[in-house]
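Structure, as structure tokens:
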Amino acid sequence: MKVLITGGSGFIGSSVCLELVGSAGHRVVNLDSLTYAANPASLVSLAGDERYSFVHGDIGDEVLLRKTFDREQPDAVLHLAAESHVDRSIDGSHAFIQTNIVGTHCLLEAVRLYWEQLPADRRDAFRFVHVSTDEVYGSLGADGLFSETTAYSPNSPYSASKAASDHLVNAWFHTYDLPVIITNCSNNYGPRQFPEKLVPLMVLNALEGRELPVYGSGENIRDWLYVDDHARALGLVLENGKPGEKYNIGGLNERRNIDVVEVICDLLDELRPDPAIGSRRELIRYVTDRRGHDRRYAIDASKIEKELGWQPRECFETGLKKTVEWYLANADWWRPLRETVYGGERIGLPSVEESQKAAVR
């Protein structure tokens with residue numbers, strides 16, 4: 001099978017490229033615009049592999065899309081290209097609307113036009129897998145899980161843009177019969193994640209003896225999914241998923257944010273003790289909460305388990321230890337990012353005026 005992956009140089013995308021080429025033996029075409037969060041170094045192990053090729057381009061470029069589909073003739077598309085950081089969507093929503101909604105529309109139309117001219121046998125076998133997030137469902141209370149039938153209630157510009165893209169994909173299935181599948185995943189973590197996200201930010205700050213900013217009270221809960229487990233799940237959806245269906249993919253690892261940070265501190269104290277820093281837990285600082293911060297996410301992944309036979313291989317403890325060990329061993333991957341792209345500064349903070357208004361309310 002030849003698979004066109006959008007956003008294949010990003011965090012999840014690079015893991016999917018490695019999984020599909022290395023474990024599944026598929027041919028992969030990686031279409032990526034190489035925004036700040038993409039890193040070609042994540043795929044250096046595929047250099048020279050005839051099963052892998054790269055196309056530099058944007059999913060909003062209709063001419064490029066048409067030429068790429070005509071030239072590459074893929075059997076499936078895995079759509080991962082997206083702006084994904086909630087804090088950045090608070091600071092500037094335009095890129096999220098442009099990439100996640102307008103870009104997805106351009107891609108859907110390019111895929112539809114390509115798919116409609118395929119021979120009948122290839123048209124029947126073709127799949128378009130759209131990778132989305134559990135954040136489209138909104139915030140859970142203390143109990144319950146997100147299922148595939150949970151109503152959408154996005155609360156951030158990021159999650160709203162992903163919800164809109166999900167609706168577009170679903171509409172192309174019902175209107176044009178395009179064989180689409182939607183997946184909604186929980187919080188991913190693991191090797192090669194851009195250091196603005198919680199886990200790598202805490203690992204690198206703690207390693208360097210810098211403050212560890214925890215939003216609000218640290219009580220917000222997320223379900224943590226090891227990225228390689230997610231990549232395997234997407235491979236199964238691609239090969240065996242049913243068109244028109246949705247599959248929730250979760251790690252079955254609910255943790256409070258403060259618990260995640262404390263485990264990271266303890267792991268680094270064990271694996272890389274530093275007398276000059278001391279106990280890394282002493283670096284934790286509670287800071288102004290994120291605006292619109294959802295309280296809890298938790299995934300019911302029973303459908304993909306029952307129908308496709310997927311289960312996560314990593315529990316939170318094993319996956320997090322592997323992640324910390326990877327960052328300790330791969331400073332040449334993350335240090336250039338910390339020095340030239342993102343140094344760990346807070347993003348998405350309310351202005352002074354907004355903070356004063358919130359205090360009055």
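So here's what we get for this one:
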| item | result |
| --- | --- |
| Residues being out of contact with any Ser or Thr (no Cβ under 8 Å at 6 or more places or on another chain), outside any helix (DSSP H, G or I) and over 26 Å from residue 192 (Cβ atoms) - total across the range 294-333 | 1 |
| Every residue from the range 263-289 that is surrounded by fewer than 19 Cβ atoms within 10 Å (Cβ to Cβ) and either charged (D, E, K, R) or touching a Lys or Arg at 6+ places or on another chain (Cβ under 6 Å) (or both) | 266, 269, 270, 272, 274, 281, 282, 285, 289 |
| Boolean, residue 247 is buried (at least 21 other Cβ atoms within 10 Å of the Cβ) and touching a Pro at 6+ places or on another chain (Cβ under 7 Å) | no |
| Qualifying helices (runs of 4 or more DSSP H) (wholly inside the range 32-149; at least 3 residues being of a type in the set (Asp, Glu) and at negative phi) | 62-72 |
| Scope the range 203-234; condition more than 19 Å from residue 316 (Cβ to Cβ) and surrounded by fewer than 23 Cβ atoms within 10 Å (Cβ to Cβ); matching residues | 204, 205, 207, 208, 209, 210, 211, 213, 215, 216, 217 |
| Residue among 235, 209 that is touching a residue at least 60 places away in the same chain (Cβ under 8 Å), small (Gly, Ala, Ser) and farther than 17 Å from residue 286 by Cα | 235 |
| Criterion (surrounded by fewer than 21 Cβ atoms within 10 Å (Cβ to Cβ), polar (S, T, N, Q) and under 28 Å from residue 284 (Cβ atoms)) met by exactly one of 155, 170 | 155 |
| Residue in the range 13-30 that is in contact with a Ser or Thr (Cβ under 8 Å, 6 or more places away or on another chain), crowded, with 24+ Cβ neighbours inside 10 Å and among the aliphatic types (A, V, I, L, M) present | yes |
| Options 319, 309; residue that is of a type in the set (Gly, Ala, Ser) and either closer than 16 Å to residue 202 by Cβ or surrounded by 15 or more Cβ atoms within 10 Å (Cβ to Cβ) (or both) | 319 |
| Top-ranked residue in the range 200-255 [being more than 22 Å from the chain's Cα centre (by Cα) and assigned to a helix (DSSP H, G or I); ranked as farthest from residue 296 (Cα to Cα)] | 208 |
| Filter result for the condition that a residue is more than 13 Å from residue 231 (Cβ to Cβ), without any contact (Cβ under 8 Å) to a residue 40 or more places away in the chain, touching a helix residue (DSSP H, G or I) at 6+ places or on another chain (Cβ under 6 Å) and among the charged types (D, E, K, R), over 51, 27 | 51 |
| Residue tally, condition under 20 Å from the mean Cα position of the chain (by Cα) and not small (Gly, Ala, Ser), over the range 171-191 | 10 |
| Residue that is farthest from residue 19 (Cα to Cα), among those in the range 69-104 that are in contact with a Gly (Cβ under 9 Å, 6 or more places away or on another chain) and surrounded by fewer than 17 Cβ atoms within 10 Å (Cβ to Cβ) | 91 |
| Residue list for the range 13-28, restricted to those being under 14 Å from residue 238 (Cβ atoms) and of a type in the set (A, V, I, L, M) | 16, 20, 21, 24, 28 |
| Any hit, the range 1-19, residues being charged (D, E, K, R), part of a strand (DSSP E or B), touching a residue at least 60 places away in the same chain (Cβ under 8 Å) and on the phi < 0 side of the Ramachandran plot | yes |
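Okay, residues lined up against (1) among the hydrophobic types (A, V, I, L, M, F, W, C); (2) under 30 Å from residue 41 (Cα atoms); (3) in contact (Cβ under 8 Å) with a residue 60 or more places away in the chain; (4) touching a strand residue (DSSP E or B) at 6+ places or on another chain (Cβ under 6 Å):
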{"position": "128", "(1), (2), (3), (4)": "yes, yes, no, yes"}
{"position": "165", "(1), (2), (3), (4)": "no, yes, yes, no"}
{"position": "173", "(1), (2), (3), (4)": "yes, no, yes, yes"}
{"position": "194", "(1), (2), (3), (4)": "yes, yes, yes, no"}
{"position": "198", "(1), (2), (3), (4)": "yes, yes, yes, no"}
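Where a number appears in this text, it was derived from the coordinates with a stated rule and is not lab data. Source: prediction; values computed, not measured. Positions of Cβ are backbone-derived with ideal geometry, glycine not excepted, and every protein chain shown enters the neighbour counts.
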